[in-house]
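Working notes for the structure below.
The values are calculated or read from the model by the stated rules, or taken from the named source; none is laboratory data. Keep in mind the model is a prediction, meaning the values are calculated, not measured. We place every Cβ from the backbone using ideal geometry, glycine too, and count neighbours over all the protein chains shown.
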Amino acid sequence: MQDNRIKIGIITSSTSMANHIRLLQYSPEYDLWLKVKGLEEAIPVGKSMAREGVEVIVSHTGTSNILQERLKIPVISVPHSSLDLLSAMREASLLGKRVLIPIFREKLSNIGIIRQLFPVEIKQGIYSDSVSLNDLIRHSKKNGYDVVIGGGLGVAFARRHGMKGVEIKASVEAINTTLDSAVSVALSNRKEKARMRRLYNIIDSVAEGIVSVDQDGMIMTINSQARQILNLGDLNIDSTDYRDHFPWGLYRRVLDTQTPIVDRLERINDQLYLFNYLPVFLENEVVGCISTFQDASKIMRSENEVRRSLTKGLVAKYTIDDLIWSCPAMGKIIDTIEKFAPTDCTVLVTGETGTGKEIIAQGIHNLSKRKNNAFVSINCAAIPEQLLESELFGYEGGAFTGSKKSGKPGLFEMAHKGTILLDEISATSLKVQSLMLRVLQEREVMRIGGDRLIPVDIRVIANTNKELSDEIINDSFREDLFFRINVLQINIPPLRERGEDIAVLIENFITTLSHRYKLSPMLIPRPFMQKLIEYEWPGNVRQLISFVEQTVLLCQSQFNVEVFETHYRRLKEYSPTHQRNKAADLNKISNSMCEYPDEEVDDFKHEIRVKTQEHEVYLIRSALEKTNHNKCKAAALLGISRTTLYKKMTQLKF
C-alpha cells in the first residue's frame, strides 16, 4: 500500500527540538525526516531532502533564512517568543555577568527592555554563517564575556571556547504549531481535491468563522463556526455566489483591489463581529479571498490576556521601605506617598538628578491597587524623538521602514491595568507632548500607522529634574500637559539639604558594598564623616554611592586617610563652588597670558599638555597595578567608565 503521508523535513541544531521531534517520529498525517545541522551545513541536507520528495522543511532562525534563500520548497521557521528569550536570559544571569546574544543579520529592537530586567551586561552580536558565529563568540570570550545565549550551534561553539552556553528553547506548543503550519503548506501544493478536504478539517476546528471564495466570488469553503454565526444551518452553499447569502461582504472589493481589509466591524443579529479579508495569491495573481471573523467581545477578552502576558517581568522592584532616610523632610515625603498611592491620580515627582525619583515612583506603584500589574518605565531623555513615539504608542505592521510586519504594542498598551513612569518628561518634544496629552485626557492610544483607538487603563507618574514652569516660559513644554501631570506633586530635596541623611546613607552603602565585594565593613572616623556631610553633593545620592564604592574598594576594609583625602580632593574639585573659583582663576590667567608673545604662550600650553598626560599615565598605571589589571575595577577606582578608560589607554599608547 502506497504511503500517502506528507513528508516534512526537520533541520535543526537544537538538541531540545530534535529530542521533541524524535518523540513524534511516527504520525498518521506526516512522515518526519530529522537531521541535526545548522546554518550553511543545512543546505546540502535540504537539497537532498527535496530530491527525496520532502514537501516542506521546518527549521529555525538563521538556518531557516539560509534555506529559504537556497531551496525551492517551502521553509517554515519555528518562532521564539519573548518568553523563550526571557527564560534563557534568566538562566544565563545565574551563570555569569556578561552575556553575549548572537543575532542572525539583524539586531533585536527590544533589547533595552531586557537590560532593565536583569542585572547583567548584555551584548548583541551579528553573524551570517557558522564562521562569523564562531569568530563572534571567540572574540567575545577574549573581551571577557562568559555566557552565550543562542541556538544549538552557538551553544556548541561557546563550550568549545570555554564559555557557558544557554539554548533558547522553543516551546513544545510553538514546535507543534509550526508543524501544523507545515502540514497546511504541503497540503496546499497537492491536488486540489485532497487539499480542500484536509483544509476543511483544519479550519472547522478553529473558533473563528472562516469563509473562502474563488476569483469569481463563488463560495469554496465555509466552516461550522461561520455557518453558526451567519445562521446558515445545513444549507449547501458551496459553489454559489456569496452575494446571495451575505451581500454586505467585501470579498469583491478585495478581489478587485488585491488589498486586504482588516478590523472591519459588521453587525449580525445585533452582535458585533470583527472581519478580516485577505486576498489569496498564486504566482502573483489573485485566485480568491478568505475572510475570518469572530465575536468582538471575545477579542477584547483575548487582548487583555495578551497584554497581561506581554507585561510579565515589567515589575517595580523598589518599595518605600528601600528609601534610606533620617531627616524630617523625607519623613513628610513618605507620608505624602502613602496618601497619594491608593488613588489613580497622576503624580509629578520633581527633584535634582540622583535624588531617587524612580524609587519614589516604584514605591507609589507598589502601594497602589495596581501593584500586581505591570510597572513600565521609559527614560524620555535617552531615546530620539521618532523612536520615542513608536516606543510609547506602538505601531502597525509596515508603518515605516524597518518596522515589524506584525506591528508592536507601545508602552502605554503594555502598562494596561498598571502604571507607566515617564522619566525625564521635560526632555520630550512638543509633538510627543501633544500625543501624550491625548492619552492622559482620553485614556486611548492610536498606534503609528493605525486607524483605531485602543483604550488603556493606566496610572501615570512623571519625573523631571527641571523646573517645568521655566520650560513653559521658554516654550519647550506645553502648559496644558503640565496641568494634566501636575495633579499631585512630590518634590524631593537635594542631598545638600538633607544633612541628617548623609551619614545614614554612607553607613548603609558601606555595609552593602562590603558584602558585595566580600570585605569587612570599615568605619569612617567622625572628622572625615563631617567633611562628607558638609560637602555639596551636586550629583546627590548617585554621586555619593560612587564615592563610597571607590573608597570601599581602595581601603579594603581598613580606613585609609590618604585614600580618603585623595578622593575627597577630587570631590571638591568637581563641586560647583570650586568650578566657579577655577573659572575665575583661568580667566585671570588667560588675561595675563595676553601680555606674552604667542610663541611663549604656545610653549606654555604644550608643557601643560605634556604634564597632564604624564599625570594621567601615572594614575592609570597605578590603578591597574592595584586591581591586578582588572579594567572594570580600575575604571571604578579612577571614577570613570570602562569605555573612557579604554579610550584613554589607546590615546596614551598603553
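Considering only residues that are closer than 19 Å to residue 570 by Cβ, part of a helix (DSSP H, G or I) and within 30 Å of the chain's Cα centre (by Cα), which ones fall in the stretch 635-654?
Listed by number, the residues that qualify are 635, 636, 642, 644, 645.
Any idea which of 42, 88 is in contact (Cβ under 8 Å) with a residue 12 or more places away in the chain, assigned by TED's automatic domain parsing to the domain that holds residue 165, closer than 26 Å to residue 136 by Cβ and crowded, with 17+ Cβ neighbours inside 10 Å?
So the residue among 42, 88 that is in contact (Cβ under 8 Å) with a residue 12 or more places away in the chain, assigned by TED's automatic domain parsing to the domain that holds residue 165, closer than 26 Å to residue 136 by Cβ and crowded, with 17+ Cβ neighbours inside 10 Å is 88.
Within the stretch 156-177, restricting attention to residues that are basic (Lys, Arg) and touching a residue at least 40 places away in the same chain (Cβ under 8 Å), which residue is nearest to residue 15 (Cα to Cα)?
In this case the residue turns out to be 169.
So the check is Cβ under 7 Å with 6+ separation or different chains; which pairs have a first residue in the stretch 353-378 that's of a type in the set (Phe, Trp, Tyr) and a second one that's at pLDDT below 90?
Matching pairs, first to second residue: 375/314; 375/315; 375/316.
So which residues in the stretch 510-532 are of a type outside the set (Lys, Arg) and not in a helix (DSSP H, G or I)?
517, 519, 520, 521, 522, 523, 524, 525
Might you check whether a residue that is surrounded by fewer than 18 Cβ atoms within 10 Å (Cβ to Cβ), part of a helix (DSSP H, G or I), within 40 Å of the chain's Cα centre (by Cα) and modelled with pLDDT under 90 occurs anywhere in the stretch 540-555?
No: zero hits.
Cβ-Cβ distance below 6 Å, separation of 6 or more or different chains: which pairs start in the stretch 1-22 with a residue that is in the same structural domain as residue 66 (by TED's automatic domain parsing) and modelled with pLDDT of 85 or more and end on one that is assigned to a helix (DSSP H, G or I) and of a type in the set (Asp, Glu)?
Correct list of pairs: empty, since none qualify.
Quick grid of which residues meet (1) over 25 Å from residue 7 (Cβ atoms); (2) at pLDDT 90 or above; (3) in contact with a helix residue (DSSP H, G or I) (Cβ under 7 Å, 6 or more places away or on another chain):
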position: 122; (1), (2), (3): yes, yes, yes
position: 139; (1), (2), (3): yes, yes, no
position: 143; (1), (2), (3): yes, yes, no
position: 148; (1), (2), (3): yes, yes, yes
position: 155; (1), (2), (3): yes, yes, no
position: 165; (1), (2), (3): yes, yes, yes
position: 170; (1), (2), (3): no, no, yes
position: 196; (1), (2), (3): no, no, no
position: 205; (1), (2), (3): no, no, no
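I want to confirm something. Restricting to the stretch 478-507 and keeping residues that are among the β-branched types (Val, Ile, Thr) and assigned to a helix (DSSP H, G or I), which single residue is nearest to residue 320 (Cα to Cα)? It would help to see each step written out before you state the result.
Of the stretch 478-507, the ones among the β-branched types (Val, Ile, Thr) are 485, 487, 490, 492, 502, 504, 506.
Checking the rest, the ones that are also assigned to a helix (DSSP H, G or I) come to 485, 502, 504, 506.
Values: 485: 22, 502: 18, 504: 16, 506: 19 Å.
Among them, the one singled out is 504.
Yes/no per residue for (1) polar (S, T, N, Q); (2) within 28 Å of the chain's Cα centre (by Cα):
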| position | (1), (2) |
| --- | --- |
| 407 | no, yes |
| 413 | no, yes |
| 434 | yes, yes |
| 466 | no, yes |
| 474 | yes, no |
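Could you list, in sequence order, the residues of the stretch 350-368 that are more than 17 Å from residue 116 (Cβ to Cβ), among the aliphatic types (A, V, I, L, M) and within 24 Å of the chain's Cα centre (by Cα)?
Of everything in the stretch 350-368, those that are more than 17 Å from residue 116 (Cβ to Cβ), among the aliphatic types (A, V, I, L, M) and within 24 Å of the chain's Cα centre (by Cα) turn out to be 360, 364.
Only one of these conditions is not met by residue 335: (1) modelled with pLDDT of 90 or more; (2) closer than 19 Å to residue 414 by Cα; (3) among the charged types (D, E, K, R). Which number is it?
All conditions are met except number (2).
In the stretch 450-466, is there at least one residue being out of contact with any Leu (no Cβ under 7 Å at 6 or more places or on another chain), surrounded by 16 or more Cβ atoms within 10 Å (Cβ to Cβ) and either among the acidic types (Asp, Glu) or outside the structural domain of residue 352 (by TED's automatic domain parsing) (or both)?
No; the residues of the stretch 450-466 include none that is out of contact with any Leu (no Cβ under 7 Å at 6 or more places or on another chain), surrounded by 16 or more Cβ atoms within 10 Å (Cβ to Cβ) and either among the acidic types (Asp, Glu) or outside the structural domain of residue 352 (by TED's automatic domain parsing) (or both).
Which helices (runs of 4 or more DSSP H) does the stretch 368-477 wholly contain that include 3 or more residues that are at pLDDT below 90?
The helices (runs of 4 or more DSSP H) meeting that bar are 385-393.
From the list 329, 361, which one is within 24 Å of residue 507 (Cβ to Cβ) and assigned to a helix (DSSP H, G or I)?
Working: 361 fails: within 24 Å of residue 507 (Cβ to Cβ).
Matching residue, one of 329, 361: 329.
Tell me, yes or no, whether the stretch 228-243 has at least one residue that is modelled with pLDDT of 90 or more and of a type in the set (Lys, Arg).
Yes, because at least one residue in the stretch 228-243 is modelled with pLDDT of 90 or more and of a type in the set (Lys, Arg).
Anything in the stretch 22-41 that is of a type outside the set (Asp, Glu) and under 31 Å from the mean Cα position of the chain (by Cα)? List them, or say none.
Those that are of a type outside the set (Asp, Glu) and under 31 Å from the mean Cα position of the chain (by Cα): 37, 38, 39.
For the structure I just gave you, tell me whether residue 347 is assigned by TED's automatic domain parsing to the domain that holds residue 445 and under 18 Å from the mean Cα position of the chain (by Cα).
It is false that residue 347 is assigned by TED's automatic domain parsing to the domain that holds residue 445 and under 18 Å from the mean Cα position of the chain (by Cα).
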